[in-house]
1. For residue 296, what residues show an amide H to amide H distance below 5 Å, using hydrogens built from the backbone and excluding near sequence neighbours?
2. Which distance in nm do the two modelled labels at residue 181 and residue 315 give, with both placed 7 Å along the Cα-to-Cβ direction?
3. Want the number for residue 334 to residue 430: 0.36 nm per residue separation, take away the alpha-carbon distance, what's left?
4. Residue by residue, what Karplus-based ³J(HN,Hα) values in Hz, rounded to whole numbers, does region 216-228 have, using 6.51, -1.76 and 1.60 with θ = phi - 60° and x for Gly and Pro?
5. Using only the C-alpha atoms of region 374-429, find the volume of their convex hull and express it per residue in Å³.
Amino acid sequence: MGTNTDSTTDEIGATPTRTMVLQPVIPCSSGADARSPDTRLDETAGLALAISLNIVAQRAVVVTRPRPSTLFGGGVVDEVCDRIKAEEIDLVIVGWPLTPVQQRNLERTWKCKVIDRTGLILEIFGARARTREGQLQVELAALSYQRSRLVRSWTHLERQRGGFGFVGGPGERQIEIDRRLIDDRLARLKRELDQVRRTRGLHRKARARVPYPLIALAGYTNAGKSTLFNRITAAEVFAEDMLFATLDPTMRQLELPSGRTAILSDTVGFISELPTDLVAAFRATLEEVTAADVIVHVRDCADPDTNAQRADVEDILENLLDGVERLDDDGTAKPPPVQIEVLNKIDLIDTEEHAFLAEQTHYNDDVVMLSAQTGEGCDDFLACIDAVLAADESVETFDVAFADGAGLAWLYERGEVLERDDSDGRARVTVRLAPRDIARFRKRLAERLPVE
């Protein structure tokens with residue numbers, strides 16, 4: 001069970017799979033009314049387009065009473081079956097979690113592959129993962145997903161033209177694998193991911209010895225996080241107008257207007273009803289969010305569903321941060337991360353909406369309007385981060401020998417030098433620093449130690 005999807009991608013690129021997208025609308029489900037049926041359908045279709053599928057039909061289907069056997073009612077199942085035959089459809093995507101029984105019965109009736117929302121997201125993650133860590137996390141989530149579906153019958157799919165991806169198609173590996181082998185592989189993957197977490201923890205400790213604050217970009221998928229990341233760091237992170245364009249975390253050094261340095265992290269995007277297995281599998285990646293000093297919630301303010309997306313992201317962030325022990329490098333407890341909200345894509349809204357948002361955010365220092373695409377408002381964003389970091393700092397004056405060039409350089413690099421007086425045979429430097437840096441430099445002067 002691997003996660004190498006290059007051959008699959010090539011196959012899809014050469015002959016795009018003819019696909020139907022069905023979006024069940026279940027009024028009795030929690031949160032079902034938060035989004036319109038068309039919005040939910042468009043999101044599922046967008047997920048399908050993210051891996052270059054050929055969508056030949058799509059529809060939202062109201063499901064008043066979900067059937068345990070097929071989810072949909074008999075009439076809908078028959079209508080879809082006729083459409084599949086007429087359009088020669090090879091794949092049906094159901095934008096809702098299907099039970100193994102429902103998935104098996106629909107495949108038997110429709111004579112084509114059927115994957116649900118979780119399976120589709122796994123396909124995308126498999127196509128996007130580039131680092132070893134990302135590939136491990138995708139495989140862990142995919143195996144956990146497949147483990148509950150070993151009872152499926154694949155004989156009716158053997159006439160199909162190869163597998164759609166690592167969660168689709170009847171390939172030999174899918175047929176032969178059993179629960180014991182999956183459990184063994186899951187155990188190995190978890191051990192490898194534990195090592196990833198330990199390594200990442202060592203990297204964080206190394207950063208703590210020269211402690212730059214960590215700024216994590218978080219938000220709904222396709223909100224523009226990677227575009228913003230590239231804009232303010234001059235990086236070249238993959239950024240496209242598609243869902244889950246970024247999967248693997250990327251970090252860059254960022255110089256702020258005051259001269260202080262921070263580390264900026266671009267993370268995987270969130271999505272509504274993100275499967276629990278995926279959240280658990282990607283916890284190693286999302287640990288950068290839980291360790292951040294500042295979390296920047298990037299929102300697509302041009303999306304008509306932006307408020308519902310905001311609620312989804314806030315719920316996921318709350319769950320991620322709940323119960324997480326945040327410790328500084330000296331073992332003391334760190335305060336919760338400060339959160340900043342960025343209203344991105346203001347270049348895509350009309351003048352009236354722009355004026356409304358500007359009025360709403362005028363007196364809120366933790367909300368910034370910008371366009372990562374054009375650069376408008378990005379300077380205000382950097383100034384906002386600077387102000388947030390400065391709020392946790394204190395002003396201190398140190399007397400430093402001229403010969404201590406390393407110490408002087410450290411003060412300039414670590415803090416914001418407000419005043420310097422060289423008239424007394426030494427440098428009297430007044431600097432704004434974080435409390436932990438003040439304590440560190442005091443100790444250095446007292447013990448004549450080099451700055452760590």
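A short reminder: the numbers here are calculations on the coordinates, not readings from a lab. Fair warning: this is a prediction, and the values are worked out from it, not measured in the lab. Neighbour counts run over all protein chains shown; Cβ positions are idealised from the backbone, glycine included.
1. For residue 296, whose amide H was placed from the backbone, the distant partners under 5 Å are 216, 217, 218, 340.
2. 3.7 nm
3. Working: separation 96, 0.36 × 96 = 34.56 nm, distance 2.54 nm.
Separation in residues times 0.36 nm, less the Cα-Cα distance, equals 32.0 nm.
4. Result, ordered by residue: 10, 7, 10, x, 5, 4, 6, 7, x, 5, 5, 5, 5 Hz.
5. 94 Å³
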